[in-house]
């Protein structure tokens, strides 16, 4: 039984697994860093720089990637056909509208080692703009890779119980004290108005 277990572990190590990665609301750089590790096989004990032991990576929702700041307009991608006048530059927005998978593909390609294995490793990268993938690929999926960045939930995704249990930083008393403090700053010489407010509300103005 032990020999069978060791044989199964050995087959699992040398076999090419299929991993799923959701790129929704994820930066392309973080997606590429996780993907390159799987494509090269760095997560395996048999990894070597000259050994082709990587796995397949299926990336979905590449249409919904996220850039920080104003990188959609600031980041520029350049290309050259090799002929005179063949130099072209497009912004990240223009490239993404033309091909929703191009930015992720270019980022992964540039992060891979610049050797003869790069094109072979790219053949095991499967990109899809939405969460719909072919059935023959879906049945091969073994595990889903956790997203490198935690996506915050929208307000409508919280339950009423979670909203009620959330700590309230600005209570009504603190808001009233803040208003009194601002009035003191605006009218430093005339404190009669703040004193009258404090007497009506029962809060000591200090």
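The values are calculated or read from the model by the stated rules, or taken from the named source; none is laboratory data. As the structure is a computational prediction, the values presented were derived from the model and not from experiment. No Cβ is skipped: glycine too gets one built from the backbone with ideal geometry, and neighbour counts run over all protein chains shown.
One table, with the values for the structure above:
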quantity: In the range 139-165, the residues that are more than 19 Å from the chain's Cα centre (by Cα), part of a loop (DSSP other than H, G, I, E, B) and within 30 Å of residue 37 (Cβ to Cβ); calculated: 139, 140
quantity: Index of the failed condition, residue 81 passing every other in (1) out of contact with any helix residue (DSSP H, G or I) (no Cβ under 9 Å at 6 or more places or on another chain); (2) modelled with pLDDT of 95 or more; (3) more than 21 Å from residue 21 (Cα to Cα); calculated: (2)
quantity: Any chance residue 59 is part of a strand (DSSP E or B), at negative phi and assigned by TED's automatic domain parsing to the domain that holds residue 140; calculated: yes
quantity: Filter pass, residue 191 being surrounded by 13 or more Cβ atoms within 10 Å (Cβ to Cβ), in contact with a helix residue (DSSP H, G or I) (Cβ under 8 Å, 6 or more places away or on another chain) and modelled with pLDDT under 95; calculated: yes
quantity: Any hit, the range 91-106, residues being more than 25 Å from the chain's Cα centre (by Cα) and modelled with pLDDT of 85 or more; calculated: no
quantity: Strands (runs of 3 or more DSSP E) (entirely within the range 74-131) containing at least 2 residues that are closer than 30 Å to residue 51 by Cα; calculated: 125-127
